[in-house]
Amino acid sequence: MQPDVEADVTDLPFDDGYADEVHAIHIVEHFPRGKIGDVLAEWLRVLKPGGKLVVECPCLDYVLDAMTRYKENQEVYMRCMLALYGDTFSGYGKHMNHHWCYSINEMATVLADVGFKGMQLEKAKYHVPWRDMRMECTKDGT
């Protein structure tokens, strides 16, 4: 299956207010913490008023909880380490490394700082649901 558009997600080739929804599944953790505001602002730009952003990423709160409760479980430990550092085993190089692991509060704060509204924490649908978070929010419709 070929994508409809291949693009740099930090500089999308779409007009302002183009999209009804933006889904960012396991991508925010691959950007340096100091850059994420610019990335989110670009996604906000392409959303229509009232449009929805969905972000799924590893959740620091869930990772720390799992590492504490299941510290003897090697599979849980490795899933948590992958959340923190990324897949350094795959051979894809630095592109699979993670730069940051967001807590629930920090993710809601960075989204709000950019201008997103109505943050809702949902159960993650992809990758590792017990370790990851899904945050849904909207662009102001006024």
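Could you check, for region 1-10, whether at least one of its residues is more than 30 Å from G141 (Cα to Cα) and at pLDDT below 95?
yes
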*asked:* Looking at R79, R134 in this structure, which one is surrounded by 14 or more Cβ atoms within 10 Å (Cβ to Cβ), basic (K, R) and touching a strand residue (DSSP E or B) at 6+ places or on another chain (Cβ under 6 Å)?
replied: R134
*Residue in region 7-16 that is among the aliphatic types (A, V, I, L, M), touching a residue at least 60 places away in the same chain (Cβ under 8 Å) and surrounded by fewer than 17 Cβ atoms within 10 Å (Cβ to Cβ) present*: no
_Search result, residues across region 5-26 that are assigned to a loop (DSSP other than H, G, I, E, B) and either touching a helix residue (DSSP H, G or I) at 6+ places or on another chain (Cβ under 9 Å) or closer than 20 Å to Y126 by Cβ (or both)_ = V9, T10, D11, L12, F14, D15, D16, G17, Y18, H26
*Mind listing whichever residues of region 21-47 are surrounded by 15 or more Cβ atoms within 10 Å (Cβ to Cβ), within 12 Å of the chain's Cα centre (by Cα) and of a type in the set (A, V, I, L, M)?*
V22, A24, I25, V28, I36, V39, L40
*State which residue pairs qualify: first residue farther than 22 Å from R33 by Cβ and inside region 57-84, second residue small (G, A, S) in any location, beta carbons under 6 Å apart, and separation of 6 or more residues or different chains.*
V76/A66
*asked:* What are the pairs with Cβ atoms under 7 angstrom where one residue, in region 94-105, is within 19 Å of A66 (Cα to Cα) and the other, located anywhere, is of a type in the set (F, W, Y)? Sequence gap at least six, or different chains.
replied: H98/Y85
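The values are calculated or read from the model by the stated rules, or taken from the named source; none is laboratory data. The model shown is predicted, which means the values in this text are computed figures rather than measured ones. Heads up, the Cβs are rebuilt from the backbone with ideal geometry, glycines too, and the neighbour counts pull from every protein chain shown.
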